[in-house]
Amino acid sequence: MMRPTTAFLLWLSLLTPVGGVLAQESAGEAKPATNDAAVVAAAEEPSSDARVLVAPGFGLNADALRARAALVEAETGLEEALRTEVVRRYRLAVDHLAAAAALEKHAAENERLVLEAPAALERARAELEKPVTDQPLEIAGAATLEDIQSLLSQASADLDAAIKREAEIGEEQQERGERRAGIPRQISELNQRAGTLDSDLVAGGEPAPDDEAALSRRAELLAELVRIDVEGRAAQAELRSIDARRELLPASKELAARRTAAIQRRRDALQELVNSRRRLEAEAAARQAVDKKEELSRSHPRLAELAAETAELAALRTGEQGLAGRIERAKQELTDVETRLASLSAQASTTREKARAAGFNETIGLLLVKQRTSLPELDRHVKNLRQRTDQIADVQLAALELEERRDRLIDRAAQQREILEAIAVDQGEDAAAEFEPKVAELLTTQRGYLDAAIRDSDSLLVTLIDLDVSERALIDETRAYRDFIDENVLWIRGRSALSLSMLEDALTGLNWLISPTNVASLATAVEHTISDEPFAALVLVMGWLGLLVVARNLKRSVGEYAEAARQNTERAIQASFLLLIATVVMSMPWPALLHLSAWLLGGTGGARLDYTSAVVFGLREVATTYFFFEFGRQLCRREGLGEVYLRWPRDRWLKRVRRSFPPALLIALPALFVTAALNEHGTQKWVDSLGRLAMVQALLVLAGLTWTLLRPEREESPPASAKNQARSLRRYQQPAATAVWVTLAIMALSGWEYAALRFAELIMSTIWTALTLLLIDSVAVRWLLLARRRLAIAQARQRHEARARTEAKGSSEAGADIDASLAQEHVLDLGAVNEQTRRLTRSVLTLVFVLSVWVIWRDVLPALRIFDRVELWSTVQDDGTAVAITLSNLFRALLVLIMTTIATRNMPGFLEITVLQRLPLEASIRYAVTAVARYTIAVIGIVLGFGALGIGWSQVQWLAAAVTVGLGFGLQEIFANFVSGLIILFERPVRVGDTVTLGELKGTVSRIRMRATTIMDWDRRELIVPNKEFITGQLINWSLSDPITRLVIPVGIAYGSDTRKAEEVLYRCAAECQYVLKDPATTVVYREFGDSALLFHVRVFIASMEFYWMTQNAMHYAIDDAFRESGIEIAFPQRDLHVRSVSLPLPVQVSGDDTEKSG
């Protein structure tokens, strides 16, 4: 707000011209004395417009400013930008003056409320001092049910209005509290803004009469000063009004609550009267209909049938399942739901207000913990909603049937004639005339009963719909309040730290637990249960004894099951299943005894005592926990399922579990019993002392058990390999896991008991879920091993039979080798199948584990919203709005990136196993689909991760463009290979499994990656070829569209050989070769007369390039053998030497002769 002197003189200018002059001088405007008279106020028209002169002849009022803006807008000599800016400033000045006028009215209203507050408070107090009296129901004796229902509807409308008014007063009280805290801050901000405006006015100086920019700027500043001053006075008046009515609002709220309660009682009374009147009318009508039915039962059959139908209609409204009873129950249920909803809403509003005012302290934390346990059961209400949907449908269908029956009674005269005609045919006209009044009465009565039933059906339908709406609102309110509690309760210290002063309370609680009187009451409770339900008690006790005997017998039979499970045969699976059942049964006797004891104590006699109820609850909690730990111990017993079938490490795990579980349970289970019993009893000082000590004891036992089970094995030498280094990291699992339980114990001691208990329960549930899935995985792996062994045996037998058949045919050794190699190619790859199946099984189990963890931890997920309050930075969206990036966004982005990494590694393989292998697709197409799926998942994950951080395309498009240009120059080869890889995947000129020739490289494509493709040549060498070479180089794909390939075998025979016979032999060799295709046909070409041979080309076709070398090898052997048998000589190089330049005789030595001859 402006300086006091400036504000006073400015508002003085509303009355006198001098005030305007002083105001400008006080604002520090240095101007010549000749311009003093220019500052004039229009005192003759005092209004909300500040009548201050902006310049000589230019007053600061709304009309003058609008006129000035219109003149400037019509001025053509000004620049467009300047004209627009000047008009905008004048209009802003008008808006400031209009706001000042509205604020003046608001300030006057608050001043009026200040004056009227004392009298209103006296009236409210006088009204509250009057005793509460309910007006009696004034119901005329002749009032019908419809009249009373009309009164009930009016009372319901009055009740809704009263509840709404009470809520409005509560909201007003809350808003005033917030406003009371914000007004001083608003006044301070106004003062700062006024000072800034004063400085701007002084800096602007005296504007020239023709300087529209300066004049508009001055007008805007003066108008805003006027608005700020009025706003400051209005805020002061509002503050006085709030203080003056501080006691009035609570009194008004109490009066509104009293009025609401009175109207509620009146409505309930009317509702009870309506229910009673409806029930009485229905019962009277039913009795009347029954009497009429008995009266006419011996008359004409048609008349008796009509009377029975009338009685049936009357019975629709009576009884437990009648319309009247159903309406009454639905109304009562609606009242209960509305009461619970109102109570919960008020409780939630009050708690939020307390937390907002006092902060989340220990008191609020303890209150939230108590209210969390008393929230409505959502499962029951959700179940009611599902059932009510069917109820509403049934009521609608029944109402439609009733309306159809009523429509048939519209023409009652026709129905009456029809019935009378039937009577006249059977009994004569006189009988028909006698029964005519009764028929008319019955038809009229039916019409009335139908109308009443339809009204009741409509009332029931409306009530059920209202009940459905209210129950949905209750569910929504419960969920919202539960999320509010879960969001804050874990981060609130609910109790003070454990101190020595609490030891006395702990001793008192312990004395209560072991008190002889209380313990003796348990025997009384057992006697009451046995006397009330002797047969059930006998059956349960005998059943437990039978279970104990069976468990002891199974312990002696475990060795037999274990011996059978050790064998790697089909019987091992059956034996393992029996061993698993035996393990479960052996784990049940003592937990079952605890449950039986709880049942005996919790019968009709014992459940009424607080001590007995606490003991029953504690026994049940201990029994459930004991069963899980006992099952784990039996699983790890000697000759047990873990040792024999699952092959768990005996020394490291099984022995530790067997040794550590019994003493741990001996200490932890009593502590768990004490904690559960005291929490059920509810004495807070005992829960805070003894219950907390018992809880800490159980947590420390879990810490010691964790330390023992996760203790790493000792190693003689430090690990060197990468695998051993990874194994050494597991050493940190022991202290990390143990620290979790120790931390929870410290939290409980420090007062964070609820959070520690909640986290302990969730962690234990997660551990048991993980161990259960681990057991399932171990069993599945074992079963897969046995199945793989059976398949391996079957394949060995098939290979043995194939080898026997080959030897029986008398094939050559080379042919046998070829057959063996061919057979090997069609053998099922058991390792690949086993790996794929295990991957699929573990993927499913991982999915189940993730879903289970979400179900377990979903109640505490709202607590993570606290990270939404930790703002890291802010970003601007495309629409210009600022969005805060919090710690929660960062965690969400990291989670998305982690899940993306996992998905890109495992999802393509999962897709291959579950979907693609079941489709009629080639291997290359399946590979392309999985590769594209991997890239798509990566892109989507990156986009979602950056989106969680508020980094969209608009924020990074220029950076992406710059990076793309830079990478285009620096990494153009990599980008070229990447794009070429995409072209290969989509255009598919090369596929996995194709045989290709690229330059001097030849081999089979084994892998296509983002940058390069791997080719395995005939020497089993893996050649890494950049993808760009496949697109820009000369590529031969031997199996692109047709894998059939021609093989040309050149053959040379000696001159003088029989060429016709040689051709015939070559055709026969090709026909007998098992790798040569019949279609296309083989061709033998007499190619040329060579230097030393007659050249033939044998052109044969093979199925694919993988048979190239085998075919060539087989053909060479066959041609050589066939030519030898036919006497055809395979030519070899020959040379004739002619010597012409030597004149002397050359000595010639003939092989085998020692003499020399001269030429």
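The values are calculated or read from the model by the stated rules, or taken from the named source; none is laboratory data. All figures in this text were calculated on a predicted structure; none of them were measured in a lab. Neighbour counts are summed over all protein chains in view; Cβ atoms, including those assigned to glycine, are modelled from backbone coordinates with ideal geometry.
Give me the residue from segment 152-196 that is among the hydroxyl-bearing types (Ser, Thr, Tyr) and more than 30 Å from ALA269 (Cβ to Cβ) and, out of that set, surrounded by the most Cβ atoms within 10 Å (Cβ to Cβ). Within segment 152-196, the match that is surrounded by the most Cβ atoms within 10 Å (Cβ to Cβ) is THR196.
Based on what the data block shows, is ILE475 of a type in the set (Val, Ile, Thr), out of contact with any Lys or Arg (no Cβ under 9 Å at 6 or more places or on another chain) and assigned to a loop (DSSP other than H, G, I, E, B)? The answer is no for ILE475.
For segment 447-474, filtering for residues that are surrounded by fewer than 18 Cβ atoms within 10 Å (Cβ to Cβ) and over 30 Å from GLU312 (Cα atoms) leaves 3. Out of GLN174, GLN154, one residue alone is outside the structural domain of ALA355 (by TED's automatic domain parsing) and more than 26 Å from ALA102 (Cβ to Cβ). It is GLN154. Against the test of being more than 30 Å from GLU75 (Cα to Cα), touching a residue at least 60 places away in the same chain (Cβ under 8 Å), assigned to a helix (DSSP H, G or I) and in the same structural domain as ALA69 (by TED's automatic domain parsing), the options LEU159, LEU215 yield a single qualifying residue, LEU159.
Strands (runs of 3 or more DSSP E) fully within segment 1061-1152 that include at least 2 residues being modelled with pLDDT under 85: 1147-1149.
Look through segment 346-361, keep the residues that are of a type in the set (S, T, N, Q) and under 13 Å from GLN371 (Cβ atoms), and return whichever of them is surrounded by the fewest Cβ atoms within 10 Å (Cβ to Cβ). Going through the qualifying residues, I end up with THR350.
For every residue, the table says whether it meets (1) touching a residue at least 12 places away in the same chain (Cβ under 8 Å); (2) of a type in the set (Ser, Thr, Tyr); (3) touching a strand residue (DSSP E or B) at 6+ places or on another chain (Cβ under 9 Å).
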| residue | (1), (2), (3) |
| --- | --- |
| ASP476 | no, no, no |
| ALA480 | yes, no, no |
| GLU487 | yes, no, no |
| ILE492 | yes, no, no |
| SER499 | no, yes, no |
| ALA520 | no, no, no |
| ALA525 | yes, no, no |
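Considering segment 278-375, the qualifying helices (runs of 4 or more DSSP H), each wholly inside and each with 1 or more residues that are within 15 Å of ASP456 (Cβ to Cβ), run over 301-315, 323-358. Within segment 285-307, being closer than 14 Å to LEU443 by Cβ and either touching a Pro at 6+ places or on another chain (Cβ under 8 Å) or surrounded by 16 or more Cβ atoms within 10 Å (Cβ to Cβ) (or both) holds for ALA289, LYS292, LEU296, ARG302, LEU303, LEU306, ALA307. Candidates in segment 105-145 are the residues that are of a type in the set (Asp, Glu) and touching a Ser or Thr at 6+ places or on another chain (Cβ under 9 Å); of these, the one that is surrounded by the most Cβ atoms within 10 Å (Cβ to Cβ) is GLU111. Scanning segment 376-401 for residues that are under 18 Å from ASP483 (Cα atoms) and buried (at least 16 other Cβ atoms within 10 Å of the Cβ) gives PRO376, HIS381.
I want to confirm something. Restricting to segment 260-276 and keeping residues that are surrounded by fewer than 17 Cβ atoms within 10 Å (Cβ to Cβ) and not aliphatic (A, V, I, L, M), which single residue is farthest from ARG317 (Cα to Cα)? The residue in question is ARG265.
Among the candidates GLY751, GLY704, the residue that is over 30 Å from THR363 (Cα atoms), at pLDDT 80 or above and either in contact with a Leu (Cβ under 7 Å, 6 or more places away or on another chain) or of a type outside the set (Phe, Trp, Tyr) (or both) is uniquely GLY704.
Of the set (1) modelled with pLDDT of 85 or more; (2) closer than 30 Å to ASP268 by Cα, all apply to SER199 but (2). Give the residue that is nearest to ARG1087 (Cα to Cα), with candidates limited to residues of segment 1000-1048 that are aromatic (Phe, Trp, Tyr) and in contact with a helix residue (DSSP H, G or I) (Cβ under 7 Å, 6 or more places away or on another chain). Among them, the one singled out is TRP1038. Scanning segment 876-909 for residues that are closer than 30 Å to ASN488 by Cβ, at pLDDT 70 or above and surrounded by fewer than 15 Cβ atoms within 10 Å (Cβ to Cβ) turns up VAL883, ALA884, PHE891, LEU894, LEU895, ILE898. Residues satisfying the criterion are present in segment 275-289 (criterion: within 30 Å of ALA142 (Cβ to Cβ), at pLDDT below 85, under 50 Å from the mean Cα position of the chain (by Cα) and polar (S, T, N, Q)). All of (1) touching a helix residue (DSSP H, G or I) at 6+ places or on another chain (Cβ under 8 Å); (2) within 18 Å of THR846 (Cβ to Cβ); (3) modelled with pLDDT of 75 or more hold for LEU762 with one exception: (2).
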